[in-house]
Amino acid sequence: MTLSGNPSGAPLEPDTRIDPGGSQPTPVLTVRDLRVGTAHTEILHGLNLTINGGERVGLIGESGSGKSITCLSAMGLLPDNLSTGGSIRLAGIEENLLEMPEAALAPLRGSRMSMVFQEPMTALNPLQRVGRQVAEVIDIHGHGQSHQSSSARAVELLDSVGIPDPGRAAQAFPHQLSGGQRQRVMLAMAMANTPDLLFADEPTTALDVTVQAQVLELMRRQVREAGSSLLFITHDLAIVAEICERVLIMRHGELVEQGPIDRVFSDPQHPYTKALLAASGLEVNPSTGRLVTLADLTAGPVVDPQPGSEGEAAPRDPADRPERTPFRIHESLPDGHQGTIVFNRAPASSGLAPAMVQVTELTRTYLRPGRGLKGPTKVPALRGVSFDVREGQHFGIVGESGCGKSTLLRMLTGLERDGSGSVQIGGREVVGQRERNLRWLRQEVQIVFQDPMGSLDPRMRVEDIVTESLIGVPRSERRERAQKILLDVDLPADAVDRYPHEFSGGQRQRIAIARALVNSPRILVADEAVSALDVSVRAQVLNLLSDLVDAYGLTLLFVSHDLHVVRHVCDTVAVMKAGRIIECGPTDEVYDSPQHPYTASLIRAVPTLQVA
Amino acid sequence: MAVNLLRRIGIFILTAFVASILVFLLLSVVPGDPARAQLGTDASQAEVDALQQRLGLNRPVPLRYLLWLGGLLHGDLGTSFVTRQSVTPEVMNALQVSLLLVVAGMLVAVIIAIPLGTMSAMRQGRADGVVLSALSQIGISIPNFLMALLLVVVLAVRWGVAPASGWVAPAISPGGFLAHLILPALALGIVRGAILSRYTRSAVLDIQRDDFMRTARAKGLTSGRALWRHGLRNALIPVVTVTGVEFSGLLVGAVVIETVFVIPGLGSLLLQSVANRDMAEVQAVVMVIVFMVLLINLLVDLAYTIIDPRLRSAR
Amino acid sequence: MSAPTSSEPTSTARPPAAAAATAPARRGGRLNAMLITGAVMVGVVVLICIVSFLWTPMSPVATDPIDRLQAGSAAHWLGTDGLGRDVTSQLIVGSRIPLLVGVVAVLIALLLGVPWGILAGMAGRPGQWCMRWNDIVQAFPPLLLAVVFAAVFGASTWSAMLALGIGFAPGFARVTRSGTIQVMSREYAVAARAAGRGPLFTAIHHVVPNIRSIVIVQATVTFALAVLSEAALSFLGLGTPAPTPSWGRMLQEAQAYIYNRPTLILWPGVAIAWTVLAFNLLGDGLRDQLDPRMKERR
């Protein structure tokens, strides 16, 4: 591996040291000086890469780095308004793929090279039965003798990707399958003609961790059995560690580093790679106790990530962490349990004052309205949830999509008025109250939302956004307070006069945090607050959040699907499944010795940076 | 599923019921006394009273509404103020004529719109696509009666390929029927087709951005074949949405077109009864048109469930 | 018309799609051209309308039994009609009624439809009943409503404007509602509630600014429809009564001479088509320019 810092744009030689078969590796895909751009800007600046036969390569980059564009170029699926330069060659094809006409390129797609996309919910034709869609890829390339045989083959393929009852699944429409199943169907289609090369573009990003683990395992097996090469695109280094042998790091349309995965992960050369690794692992700078950020690595003295510890998520040292709970209870819901467990409640003997937040038997059932001829259906979202949160606690709630954590959060914050049970905050009831009786709650509890794009009104100036909760405060004072709070979140005071679109994702999330804190609440609720951010920004925002929570003495309720982040941020964690809390306790205890099998499987499914 | 079907139909009946109240109220607030208006200023009070008695106009408004509604439910659309006979046969004949015209117009519109819209979407940004798009833009801007007049000038007056006006019932002479149908159907259909083609175009453009179209191409289909195999049926959903709107557009368009071509449809009947100040007949015609619009909307709603499996099956 | 509404409960964390890079960029040039063409064409019509108050070549209403059905000449640029009136002058003055009806009808529709749509979009379940009412009104096509109004209240500019305004209101309500629902589903609307703000604040400070552009586009497109409907109404003799000239009535009168002077239908026809095209182009251009989806992709 040569030196990787590559600002000059000189082509990087592909790393050919790995040699899985022992014989001379034969390249399947060779990309030389690939340039892609619009009329105004160039997105890819001369990319060089080679993928050898049977090799599994990870292509890593943050949003906008151009990683998807790379494989769309090879597939000939780029949007019309992008122009290309350079060459992409597939083994056995004379021509440059970039210069082939659609009619000549199309037969290669789905047979020689195929692709699995990110969003399983929309990637299948909603009006066609699944089996037909799988059979089509066989028919197109003339591998099916007859309609019947390709249909039968489609069922076999569905079976091979582990879809239960494949015969019935073939007759189903896509909306009748879950996200994970749809992604399996996509994989079945992609592998139907045993392609030489499979492109996978963030194929598991939209899936829950447990499903992600299954799909990754399946993909690795399928690719290995078919002898196909794999180019796996992701922003998540841990996933690459699970599935790939070699890794390419991409930033701003250029490769900054590449090499065998263990080498890159243990001995990263480029500062960006180091930063990415540190940020992905939520690594803590031992001298400051704060998360290592990209800025730390590029500006100050480089913190040497210790080779042994980097794979593991490094939680803060429990000794450093201020003890916020004067008791440690670790409980889980026994199988078939019907009664009520109030999680995280101080034992009566402790003589402590009642908790800040007391949730009792919270239940909520949605009536999903009917569509077309389909009648409305009842969807239970919460099925009796009870727990306490003490003042100053950092309470995490984790769970997969649909587990009810969003509903719980909406009821806690009085945004959802229906449902039964009780939520008491500081001894006052929230559930069933009318909006005008919840004024006090709007003072006490503030929320930071997931999407830094959607949570800020694009037509409002930052000043008005930040001071939205200051009702009846004169304009001059509002401006002053907005400027002050913006300084607190490390934004310039002159940001007040700008609009949200002028800020980056991380900055927008700072604005959202400023809005939440401007009125000095006592409880801060963070709803997937860093899930939409790139890893390198995530660490900065998390640092800021912990600083502010400490500085303002807040009680934190942190809701996330990301177990990694929760482990770093929270001292106590509750695990939710199917509308219930199934386990709750001090974070390190729950992570290190989970009591409930579901918790255990959840923790096992999280990909780690540990190289296999 | 059956429950929801019934619910849909229930809503339809309720909507039609409220609409009938509106139609009735709208046309019974006419300033002045309809009986007096019919008989003229010379008539004696006794004569007016007698006519009021006969037309039931001396009854209180709610009762008159209920009687009218009762009649509607039995298929009786009311009694004309002018002829003092039931308007039902006249209105029903006119409805048949108008529906034939509307269906023919719809046919022309669809035949124009689907290929034109698809083409201009596929050729988007290229010269021919721009020309097609501009054509439809101009087509939308021409009022249908102007289109009718232009067709008459060119096809009937200049070239004499079709009769300029009149109507022949299909039962009397199928050939004559078709000949007399050509120009009005074209006038209606070209303008509506232009509108429909723009919907088709944007539906096809939207579909081409959908993920599953990319999947289809990734499977090895060229973009044209992907559109044909996967895109068009999906694009049909938003297009079907507008057919309800299209239908009411065509029905109202027919009102205007019929006067140009002197066709004895609902439009001619409506204008004639407006001219005669025969509010009972106006009421009947308006109710029939509104009912047809509601009915088509119901049918369009049900059509979704046939096209889109997501709406059909309970998970 | 009730399209099936998608009502899947939205759930949880989804890292952002890497869509930014693949989002289709618009060809700015051509679309801008549409906007500019539309604006210029609208400008011409408005200018002619203003001029009509100051000057016309001849009196638009003065009849002349001797100079009937003349071809274009130095005296009568576009000739004369069946009563010997100057076509040019009638065309110029005829622009007033369509524009007046367009402006007032659109204003009425806007004032009725937009608040209704916001209400329907913010009210949740009762909002669906607001839309049922909307569906009922929508069953009355605007032109049909105008004919009925003419029958009941007599044909006049006012009855036409009122009827068209009411008839177009459901369209405004529909687009406003769907825009409002979109705004209300965004987290910033939830954040406003969490900040203790009431629905009125949200409506004024979040909903209105964010749906402004779709309402402007709807107004422009509806204006074109209003001009078309006014022309049809005048053509049927149920619009503004004589002697006030309007393009629709010019066409109606020209119909009688279709065999000997077919060019008489040409000029008012071109005037109507021009105006409608102008507003349609303006609307389409604005749509592409103002579409908030495009905006947020930057």
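The values are calculated or read from the model by the stated rules, or taken from the named source; none is laboratory data. Computed from a prediction, not measured in an experiment: that's the story for all the values here. Ideal geometry is used to build each Cβ from the backbone, glycine not excepted, and the neighbour counts take in all protein chains shown.
I'd like to know if the range B:221-242 contains one or more residues that are of a type in the set (S, T, N, Q) and either within 30 Å of the chain's Cα centre (by Cα) or on the phi > 0 side of the Ramachandran plot (or both). There is at least one residue in the range B:221-242 that is of a type in the set (S, T, N, Q) and either within 30 Å of the chain's Cα centre (by Cα) or on the phi > 0 side of the Ramachandran plot (or both). Annotation for the range C:52-65: at least one member residue is at pLDDT 50 or above and acidic (Asp, Glu).
Of all residues in the range C:140-149, those satisfying the criterion of being in a helix (DSSP H, G or I) and either modelled with pLDDT under 90 or at the interface with chain B (Cβ under 7 Å from one of its Cβ atoms) (or both) are C:Leu143, C:Leu144, C:Val147, C:Val148. Could you check how many residues of the range C:248-279 are assigned to a helix (DSSP H, G or I), facing chain B (nearest Cβ under 7 Å) and not β-branched (Val, Ile, Thr)? Number of matching residues: 6. Take the conditions modelled with pLDDT of 85 or more, surrounded by fewer than 24 Cβ atoms within 10 Å (Cβ to Cβ), of a type outside the set (A, V, I, L, M, F, W, C) and assigned by TED's automatic domain parsing to the domain that holds C:Ala123 and apply them to C:Gly283. Does it pass? Criteria not met by C:Gly283.
Does B:Phe291 satisfy being over 27 Å from C:Leu251 (Cβ atoms), at pLDDT 90 or above and away from chain A (no Cβ under 14 Å)? Taking the combined requirement at face value, the residue satisfies it.
Counting only helices (runs of 4 or more DSSP H) that sit completely within the range B:172-250, those holding 1 or more residues that are modelled with pLDDT of 85 or more and farther than 30 Å from A:Gln118 by Cβ correspond to B:174-208. Being part of a strand (DSSP E or B), surrounded by fewer than 19 Cβ atoms within 10 Å (Cβ to Cβ) and more than 14 Å from chain B (Cβ to nearest Cβ) is not true of A:Ser401. Working only within the range A:568-597, note down all residues that are assigned to a helix (DSSP H, G or I) and touching an Asp or Glu at 6+ places or on another chain (Cβ under 8 Å). A:Thr587, A:Val590, listed by residue number. For the residues A:Val537, A:Val530, the requirement of being in a helix (DSSP H, G or I), within 28 Å of A:Gly281 (Cα to Cα) and aliphatic (A, V, I, L, M) singles out A:Val537.
Condition test on C:Gln128, is it within 14 Å of chain B (Cβ to nearest Cβ), surrounded by fewer than 20 Cβ atoms within 10 Å (Cβ to Cβ) and modelled with pLDDT under 85? Criteria met by C:Gln128.
A:Gly432: surrounded by fewer than 24 Cβ atoms within 10 Å (Cβ to Cβ) and touching a residue at least 12 places away in the same chain (Cβ under 8 Å), yes or no? For A:Gly432, the condition - surrounded by fewer than 24 Cβ atoms within 10 Å (Cβ to Cβ) and touching a residue at least 12 places away in the same chain (Cβ under 8 Å) - is met. Count of the range B:96-148 residues, restricted to those that are within 14 Å of chain C (Cβ to nearest Cβ) and either among the β-branched types (Val, Ile, Thr) or part of a loop (DSSP other than H, G, I, E, B) (or both), is 11. Is it the case that B:Leu266 is crowded, with 22+ Cβ neighbours inside 10 Å and not β-branched (Val, Ile, Thr)? Yes, satisfied.
Yes/no matrix, rows are residues, columns are (1) over 15 Å from A:Thr194 (Cα atoms); (2) over 35 Å from the mean Cα position of the chain (by Cα):
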site	(1), (2)
A:Leu98	yes, no
A:Ala106	yes, no
A:Leu124	yes, no
A:Asp139	no, yes
A:Ala154	no, no
A:Leu157	no, no
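Among the residues of the range A:429-456, write down those that are of a type in the set (Asp, Glu) and more than 20 Å from A:Leu554 (Cβ to Cβ). Listed by number, the residues that qualify are A:Glu429, A:Glu435, A:Asp451.
Taking A:Leu487 as the residue in question, decide whether it is surrounded by 16 or more Cβ atoms within 10 Å (Cβ to Cβ), away from chain B (no Cβ under 14 Å) and more than 24 Å from A:Ala574 (Cβ to Cβ). Criteria not met by A:Leu487. Of the residues B:Ala179, B:Ala169, B:Ala216, B:Ala134, the single one that is surrounded by 18 or more Cβ atoms within 10 Å (Cβ to Cβ) and either within 25 Å of the chain's Cα centre (by Cα) or in the same structural domain as B:Val103 (by TED's automatic domain parsing) (or both) is B:Ala216.
In the set (1) at pLDDT 85 or above; (2) over 24 Å from the mean Cα position of the chain (by Cα); (3) surrounded by 17 or more Cβ atoms within 10 Å (Cβ to Cβ); (4) over 26 Å from B:Pro238 (Cα atoms), the condition left unmet by B:Met147 is number (2).
Condition test on A:Ser68, is it part of a loop (DSSP other than H, G, I, E, B) and within 14 Å of another protein chain (Cβ to nearest Cβ)? In short, no. For the range C:232-247, the set of residues classified as facing chain B (nearest Cβ under 8 Å) and farther than 21 Å from B:Ser273 by Cα is empty. Of the numbered criteria (1) over 25 Å from B:Leu135 (Cα atoms); (2) among the β-branched types (Val, Ile, Thr); (3) assigned to a helix (DSSP H, G or I), the one B:Ile263 fails is (3).
Identification of helices (runs of 4 or more DSSP H) wholly contained in the range B:1-95 with 1 or more residues that are touching a helix residue (DSSP H, G or I) at 6+ places or on another chain (Cβ under 9 Å) and over 26 Å from C:Ala155 (Cβ atoms) yields B:2-28, B:45-55, B:61-73. Evaluation of A:Met186 against the conditions (1) assigned to a loop (DSSP other than H, G, I, E, B); (2) within 11 Å of another protein chain (Cβ to nearest Cβ); (3) surrounded by 19 or more Cβ atoms within 10 Å (Cβ to Cβ) shows that the sole unmet condition is (1). Take the residues in the range B:274-298 that are within 16 Å of B:Gly249 (Cβ to Cβ) and of a type in the set (A, V, I, L, M), then tell me which one is surrounded by the fewest Cβ atoms within 10 Å (Cβ to Cβ). The residue in question is B:Leu295. Among what's in the range A:453-470 and is polar (S, T, N, Q) and at the interface with chain C (Cβ under 7 Å from one of its Cβ atoms), pick the residue that is farthest from A:Glu502 (Cα to Cα). Residue satisfying both the conditions and the ranking: A:Ser469.
Could you check, for the range B:68-82, whether at least one of its residues is over 22 Å from B:Phe291 (Cβ atoms), of a type in the set (A, V, I, L, M) and surrounded by fewer than 18 Cβ atoms within 10 Å (Cβ to Cβ)? Within the range B:68-82, one or more residues are over 22 Å from B:Phe291 (Cβ atoms), of a type in the set (A, V, I, L, M) and surrounded by fewer than 18 Cβ atoms within 10 Å (Cβ to Cβ). Only one entry of A:Val448, A:Val473 meets the criterion of being β-branched (Val, Ile, Thr) and within 23 Å of A:Val359 (Cα to Cα), and that entry is A:Val448.
Here is a yes/no grid of residues against (1) modelled with pLDDT of 90 or more; (2) surrounded by fewer than 20 Cβ atoms within 10 Å (Cβ to Cβ); (3) not polar (S, T, N, Q):
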site	(1), (2), (3)
A:Gln171	yes, yes, no
A:Gly179	no, yes, yes
A:Met191	yes, no, yes
A:Leu197	yes, no, yes
A:Asp201	yes, no, yes
A:Leu216	yes, no, yes
A:Glu242	no, no, yes
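Yes or no: C:Gly237 under 13 Å from C:Thr157 (Cα atoms) and surrounded by fewer than 24 Cβ atoms within 10 Å (Cβ to Cβ)? Yes; evaluated as a whole, the condition is true for this residue.
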